[in-house]
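K.L.:
Provided herewith is a single structure, encoded as structure tokens, for subsequent inquiry.
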């Protein structure tokens, strides 16, 4: 079982512009975004509040449309949401009255074969480490375990593309690091193209093969930094620290000492 026979899809973002109308005023959120994400890659997008990170993710997911430009998955234009693209939001959005099992099964189409459904749900419960909690309601689970349910529900359709919109922001530091490692482990097994939006520079470096830096008003891509760290990655290695400095300096665009930076 698993997704080894399915590779991720290439994401092509070409001259994308997005603006919103707010009280008759036009607000330009994304300006001429051009980006290519290789099939099966995992990349992080960082930027201050209001730079359009989450808007870009919604456009890739087909939950919104650009005013100009085009987004394509393997040369097919994105025009609407699809089971090919899984999205994990900051809120877990679980059904509070349903068990872990039923919340995960909820991700599958209604007419799905019952035996195959049971097999898949059991597989993904094991994959995210929730064995023994099949019958628990969301209210009986910790925040980290609720997030595991949401991850399993998102992955159960074998999406070719996984979009993560600050999924661990509300969790404590230990749980967050634990889940970062889990998602990277699952990505290594499944190899779906994965895009993570985050405010956390350490998270961006730890999880991504590339860190895409955006700046705001309007949102543009400022830089793309490759993450070339020895595996398994260590958050306390010299190489990690050097890369963190590089990302901070590129993000803030100056040479202040490290302790002066704050996001």
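Taken together, the values in this text are just the output of simple stated rules run on the coordinates, not laboratory data. Since we're looking at a predicted model, the values are computed, not measured. Cβ: placed from backbone, ideal geometry, glycine included. Neighbour counts: every protein chain shown.
K.L.:
Against the longest alpha carbon principal axis of the chain, how many degrees, from 0 to 90 and to the nearest 10, is the axis of helix 143-155 turned?
P.N.:
Tilt relative to the chain: about 80 degrees.
K.L.:
Another question, if that's okay. Which of rounded, prolate or oblate describes the range 80-140 when judged by the alpha-carbon gyration tensor and an a/c cut-off of 1.5?
P.N.:
Details: a/c = 1.62, a/b = 1.12, b/c = 1.45.
Judged from the Cα gyration tensor, the range 80-140 comes out oblate (a/c at least 1.5, b/c at or above a/b).
K.L.:
Output the antiparallel fraction of DSSP beta bridges having both residues in the chain, as a percent to the nearest 5. Mind showing how you got there, number by number?
P.N.:
Numbers: 22 of 41 bridges.
Taking every DSSP beta bridge with both residues in the chain, the antiparallel ones total about 55 percent.
K.L.:
Classify the range 14-133 as rounded, prolate or oblate, taking a ≥ b ≥ c as the square roots of the eigenvalues of its Cα gyration tensor: rounded when a/c is under 1.5, otherwise prolate if a/b is larger than b/c and oblate if not.
P.N.:
Judged from the Cα gyration tensor, the range 14-133 comes out prolate (a/c at least 1.5, a/b above b/c).
K.L.:
Once every DSSP H run of n ≥ 4 in the chain is given -39500 (n - 2.57) and the sum is divided by its residues, what mean residue ellipticity at 222 nm do you get, rounded to the nearest 500 deg cm²/dmol? If you can, show how the numbers build up before the last one.
P.N.:
Values: 7 runs with 82 residues, N = 263.
Helices in the chain give a 222 nm mean residue ellipticity of -9500 deg cm²/dmol.
K.L.:
Using Cβ contacts closer than 10 Å as the measure, can you line up 194, 79 from fewest to most?
P.N.:
Values: 194 27, 79 10.
Result, fewest neighbours first: 79, 194.
K.L.:
Using the beta-carbon distance between residue 242 and residue 137 and R0 = 51 Å, what value does 1/(1 + (r/R0)^6) give for FRET efficiency, to the nearest 0.05?
P.N.:
Working: r = 46 Å, r/R0 = 0.89.
Calculated transfer efficiency: 0.65.
K.L.:
Could I ask something else about it? If we sort 234-244, 155-165, 53-63 on the protection proxy, mean other Cβ atoms within 10 Å, highest first, what's the order? Don't skip to the end; give the middle numbers.
P.N.:
Details: 234-244: 13.2, 155-165: 22.3, 53-63: 20.7.
In descending order of packing, they fall as 155-165, 53-63, 234-244.
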